[in-house]
Amino acid sequence: MMTHKTLEKSSDEQRIGHIRDLRNSLIKDFLIDDNLVAYFEKQYNHKQLNTRRLEFIKKELRELLIAPVDLVHYAPLLLEMKQEGTASITSNHEGLFYVELDRIFSKYTF
């Protein structure tokens, strides 16, 4: 679950850092096998993730963990945060984070 945080008069750097922190927290949750398997079962109705697929997914998640924030993907959120002058992220924005991860996950649903 995403957290809600507000920083008064945040800079672009702070907003991007906040998005990175939340994205990386979500990624770390999915690096736990049980969480990843449960998500696949629920989201993709995929009952079995073999060890090989699990390792490939986790490899891509670890790569994403160290990658910079995709500014194009998060542009609507960054713009909204800038207009409000905060680094406020609510559960309404949660889908944006999952879309980024689902790009990885969807490759392994076959």
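Couple of notes before you dig in:
- If you go through the stretch 44-72 and pick out every residue that is over 14 Å from the mean Cα position of the chain (by Cα) and under 20 Å from residue 12 (Cα atoms), you end up with 1.
- When residues of the stretch 75-109 are limited to those that are β-branched (Val, Ile, Thr) and touching a residue at least 60 places away in the same chain (Cβ under 8 Å), the one nearest to residue 56 (Cα to Cα): 109
- Out of 108, 74, sole residue that is surrounded by 14 or more Cβ atoms within 10 Å (Cβ to Cβ), modelled with pLDDT under 90 and hydroxyl-bearing (Ser, Thr, Tyr): 108
- Selection count where residues are part of a loop (DSSP other than H, G, I, E, B) and either closer than 28 Å to residue 53 by Cβ or at pLDDT 95 or above (or both), scope the stretch 3-33: 2
The values are calculated or read from the model by the stated rules, or taken from the named source; none is laboratory data. This structure is a prediction, so every number in the text was calculated from the model and none was measured. FYI the Cβ positions are ideal-geometry reconstructions off the backbone, even for glycines, and counts take in every protein chain you see.
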